[in-house]
Amino acid sequence: QVQLVESGGGLVQAGGSLTLSCAASGRTFSSYAMGWFRQVPGKEREFVAAISWNGGSTYYPDSVKGRFTISRDNAKNTVYLQMNSLKPEDTAVYYCAKHRGGSVYVRGSYDYWGQGTQVTVSS
């Protein structure tokens, strides 16, 4: 069993920055990839970023590439999402998730999810 707890969300003006954190329970954190997704009401949960087990590989969709950075600290069982140059369209609930296998871009490849943290970007 893995528990994931996100933090760091909030209200920020367009152009600003936020850093989200996701703390994971368990001793095997360093053995699996992690991802971030986001969701707005009425829409599908959208892939935002992923990172390999050792941090050596990262993945982003074009919508956030160059603005968001995912990182991890395996000693702290924590994954981060640094978000810069935020836009109103980045407003969503952000979720971290544990990757179980398969494409990191697909929601179905993740088996444990956090409760989400709200990010609101005002124009």
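The values are calculated or read from the model by the stated rules, or taken from the named source; none is laboratory data. All figures in this text were calculated on a predicted structure; none of them were measured in a lab. FYI the Cβ positions are ideal-geometry reconstructions off the backbone, even for glycines, and counts take in every protein chain you see. We work out accessible area using only protein heavy atoms, side chains counted, and drop any ligands, DNA or RNA first. Shrake-Rupley method; radii C 1.70, N 1.55, O 1.52, S 1.80 Å.
Figures for the structure shown
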item: Charge dipole magnitude, Cβ of K and R +1, D and E -1 - the chain, Cα centre, debye nearest 20; result: 200
item: Count, lysine Cα pairs under 24 Å in the chain, 8 or more residues apart or across chains; result: 6
item: Cα point-scatterer Debye curve for segment 72-123, base-10 log of I(q)/I(0) at q = 0.28 Å⁻¹; result: -1.13
item: When the chain is reduced to its Cα atoms, the Kirkwood hydrodynamic radius in Å; result: 14.2
item: Semi-axes of the equivalent ellipsoid for segment 43-94, Cα gyration tensor, largest first, Å; result: 21, 11, 11
item: Per residue accessible area of the chain, 1.4 Å probe, in Å²; result: 50
item: Gap separating the Cα centres of segment 18-34 and segment 63-104, nearest whole Å; result: 11
item: GNM flexibility winner over the chain from PRO88, PRO61, PRO41 (Cα, springs under 10 Å); result: PRO41
item: Karplus 3J(HN,Hα) series, Hz, for segment 44-55 with 6.51 cos²θ - 1.76 cosθ + 1.60 (x for Gly, Pro); result: 5, 5, 10, 5, 10, 6, 8, 9, 5, 4, 9, x
item: Long-range amide H partners of TYR112 with built H, under 5 Å; result: LYS98
item: Most mobile of LYS98, LYS65, LYS43 in a GNM of the chain (Cα contacts under 10 Å); result: LYS43
